[in-house]
1. If you take the charge dipole of the chain about its Cα centre, with +1 on Lys and Arg Cβ and -1 on Asp and Glu Cβ, which of Pro136, Thr190, Ala91 is farthest toward its positive end?
2. For the chain, just list the percent of Cα-Cα distances falling in each 10 Å bin from zero outward, please.
3. Per 0.36 nm of contour for each residue apart, how much would the distance between Trp237 and Asn44 grow if the chain were fully extended, relative to their Cα-Cα spacing?
4. Which angle between 0 and 90 degrees, to the nearest 10, do you get for helix 223-232 versus the longest principal axis of the chain when only C-alpha atoms count?
5. If you take the charge dipole of the chain about its Cα centre, with +1 on Lys and Arg Cβ and -1 on Asp and Glu Cβ, which of Pro234, Leu167, Ser75 is farthest toward its positive end?
6. Roughly what angle does helix 30-43 make with the longest principal axis of the chain, taking Cα atoms, 0 to 90 degrees, to the nearest 10?
7. Over the alpha-carbon set of region 164-262, work out the extent along each principal axis and list the three values in angstrom, largest first.
8. For a quick protection proxy, order the peptides 238-248, 117-127, 60-70 by their average other-Cβ count within 10 Å, most packed first.
Amino acid sequence: MKIIPNKYEEESNWHKWVKFVYSHGNKLSLVFLRRLAALARDLNHVMNGSYGYRPIEETQRLYNTDLKANGGKPSGKVALPGTSWHEHHLAIDLSGTYDNYWRNLSNSQWMNKSRLKCPDLNKYGLVLPLNKVDYPKAPEWWHLQPIETAIGIDKDKRKNFLDADDLVYGKNTMTVKQFQAAMKSIGLYTGALDDSPGALTRAAAKKIMPLLHQILGTDYQTAEEVIRAAQASPQFWIDRLKTVTYLDAYTMNIVNKMKGLR
């Protein structure tokens, strides 16, 4: 896993704080989305009108337009198709047309600092790589990436940068909209397919959880069943240390409380 969860500030309800122009824009690293949401939450300003994931066909279209506008030569302002971090689920462009909040903030507090010397972003595991210090020839105030992508990654290696266990929303996870559609098909959800985890969506999730636990064999009813399962299948729980928020902290809290009891 390259983009480590819970290493920096995160907000799990990222749908509330990060909004995209296109429906496929949210197909980004889930941890990255949560970091962005934490920044927006703490500043109490939604990232409206954002551009996230971009298929290679869109990069090619932008690149061709750039070539045409510059006499057949690339300006350097558009990534070579196949090398854009947007294509690989690890970049977002903030909006400068929805309102001026993010533009003003970036230009006044982020743009004049090197990517790894901007604590206002780095505390959230984020960087502004194309700033005026590190990339003065074509700075971009709007472009954010995870801090793990800040340095030392060749363009030809970006495609395979993420590991198999890095969660990408809508790729190796079910989207909220997909869940809503599935629940609607079996009568457990009656709301709109809006990709938003509202009250009706949460109610459907609560209804389906007992069945999912039965299918997975994790419908433990007693502490003894949990302990027996942990001893018989330790890898099951070890794997979930990477995906279940605070499981490691809860586990160590139990251990600390038991010190001296044995």
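Values in this text are rule-based calculations from the coordinates and carry no lab data. Computed from a predicted model, the values in this text were never measured in an experiment. Note that each Cβ is placed from the backbone with ideal geometry, even for glycine, and that neighbours are counted across all protein chains shown.
1. The residue sitting most towards the positive pole is Pro136.
2. All Cα pairs, binned at 10 Å, distribute as 6, 24, 31, 22, 12, 4, 1, 0 percent.
3. Additional length available on full extension: 65.9 nm.
4. The angle comes out near 70 degrees.
5. Ser75
6. Long axis of 30-43 versus the principal axis of the chain: about 80 degrees.
7. Largest first, region 164-262 extends 54, 30, 23 Å along its Cα principal axes.
8. 117-127, 60-70, 238-248
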